[in-house]
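Novice: Structure in C-alpha cells, see below.
Throughout, read-outs are computed from the coordinates displayed, never taken from laboratory work. Not measured: the values here are computed from a predicted model. Quick reminder, even Gly has a Cβ in these numbers, built from the backbone with ideal geometry, and neighbours come from all protein chains shown.
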Amino acid sequence: MLTMKPRILIGIILLLTGVMSNACTVVDHKVHNARERIKILHINDVHSHLESGSIDLKIAGIDTACEVGGMGRVAAMIADLRERNDNTLVLHAGDAVQGTYYYTLFNGEEDARVMNAIGFDAMTIGNHEFDNGDEWLAGFIEHQRRQGLCAGSGHLVLPPD
C-alpha cells in the first residue's frame, strides 16, 4: 500500500475539484466588450499511464482506494469540454512518457499516438522526455501533430522559424 502526505492529497483534491468544476461549467458564448472567453485545460506527469487502474493509498492514516491513469477518461473529458466551448486550449506540460510497460515496450510511440488522438494544442517538454537523449526526443516530437514548446532546457530542441 502506498502512503501519501496530506499536502499532496490536498493538491490532488484541488486539481480534481478544478477539473470537475470545469466539467460542470456552462459556458456563455456571447462576446462581452469585444473579448473572447477561452478555456485552458492542462495535464502533466502522465508517465505513460495510458490505461486506468486502481491503487490503494494510505492518506493521513486512512486506507483510500483511488482510480488513476486512463487517457480514455482524459480524452472523453476533453472532448466534452471542447464541445461546450469552441475556444478551448488543451495543453500538456510534460513528462508524458516513462514509467510503465507501454513506454518500455513501445518506446513512447503509443504515448504519441494517444496524445495525437486526444488532440493537444501544445506540449512543453518535461525532464523525462530527455531520459533517452536528444535523438529520441527529436523522434518523439516528430511523431506529434501539435506544437512543442520548450524553455530553460539548455538545449535547442526545436529549430527556430
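Novice: Taking the number of other C-beta atoms within 10 Å as the exposure measure, put 71, 115, 77 in order starting with the fewest.
Specialist: Listing 71, 115, 77 from fewest to most nearby Cβ atoms yields 77, 71, 115.
Novice: Give me a comma-separated list of calculated 3J(HN,Hα) values for the stretch 79-88, in order, Karplus coefficients 6.51, -1.76, 1.60 applied at θ = phi - 60°, integers in Hz, x for any Gly or Pro.
Specialist: Working through the residues one at a time gives 4, 5, 5, 5, 5, 7, 9, 4, 8, 10 Hz.
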